[in-house]
Each structure stands twice: as C-alpha cells, then as structure tokens.
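For reference, the structure discussed in these notes is given below.
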C-alpha cells in the first residue's frame with residue numbers, strides 16, 4: 001500500500017509531503033496507481049521549485065518520495081498554496097477510487113517558532 005502523509009501548519013498550509021510504499025495494484029511498470037501518485041507529487045515538486053523565492057528539500061528513492069518546503073519568500077505563498085492544495089486534492093481523489101492501494105493521512109503540526 002502507498003502511504004501518503006501530508007503535514008500542515010495552523011491555517012492549513014502544507015509544509016511537507018512524505019510518500020512511501022508500493023500500491024501492489026499491478027506489476028511494476030504497469031501500476032497505474034503508483035504512476036498516478038508519483039506523477040502528482042513529482043509535478044507538484046517541479047512546480048514548487050519553479051517559483052522564485054521558494055526553497056524545497058526533496059528526496060526521491062525506490063518506493064519513497066519526500067518534499068519539505070523550507071522557505072517561501074516574498075509574495076509566492078499564494079502560488080505555493082495553489083500547487084500544494086491541488087496535489088492534496090489529487091492524492092485524496094486517487095485514495096477515494098483506489099482505497100485498498102493508497103492511504104492519505106493529513107497531519108496537523110503546531111507552528112514552529
């Protein structure tokens with residue numbers, strides 16, 4: 001099963017996503033569920049990296065994908081929110097259709113001072 005953890009700060013801002021596991025829906029190379037989750041998250045990371053003033057730390061490995069938003073400078077928060085909220089909607093939609101293969105958990109954390 002794919003486990004996606006979305007970490008949000010107060011106010012609902014996404015600050016981190018961690019995806020791990022394999023769906024087991026189909027053999028490797030033919031797994032549409034795994035491909036969909038990967039495409040959504042990796043596209044979101046590409047979008048975040050393209051915004052001036054946004055710094056992300058990401059890591060991609062076999063069955064693992066992590067992205068943490070380190071810094072958002074200037075007026076780019078609106079763009080960051082649009083990308084991350086769309087990513088979350090996409091992941092939740094996949095989990096709704098393929099719940100036996102994908103789990104999305106939203107974790108709220110306190111603001112760090």
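Laboratory data are not the source of any read-out in this text; all were calculated from the coordinates shown. Note that the structure is a prediction, hence the values are computed from the model and not measured. In this analysis, Cβ positions are derived from the backbone assuming ideal geometry, glycine residues included, and neighbour counts consider all displayed protein chains.
Observations on the structure shown:
- Qualifying residue in the stretch 45-66 (condition: within 11 Å of the chain's Cα centre (by Cα), closer than 14 Å to residue 2 by Cα and free of Cβ contacts under 8 Å to residues at least 60 places away in the same chain): yes
- Subset tally (residues that are in contact with a helix residue (DSSP H, G or I) (Cβ under 8 Å, 6 or more places away or on another chain) and either within 17 Å of residue 12 (Cα to Cα) or loosely packed, with under 11 Cβ neighbours inside 10 Å (or both)) for the stretch 80-109: 9
- Taken over the stretch 33-42, the criterion of being without any contact (Cβ under 8 Å) to a residue 40 or more places away in the chain, surrounded by 14 or more Cβ atoms within 10 Å (Cβ to Cβ) and farther than 14 Å from residue 1 by Cβ is satisfied by 35, 38, 42.
- Matching residues, the stretch 7-32, being in contact with a helix residue (DSSP H, G or I) (Cβ under 7 Å, 6 or more places away or on another chain), outside any loop (DSSP other than H, G, I, E, B) and within 18 Å of residue 97 (Cβ to Cβ): 19
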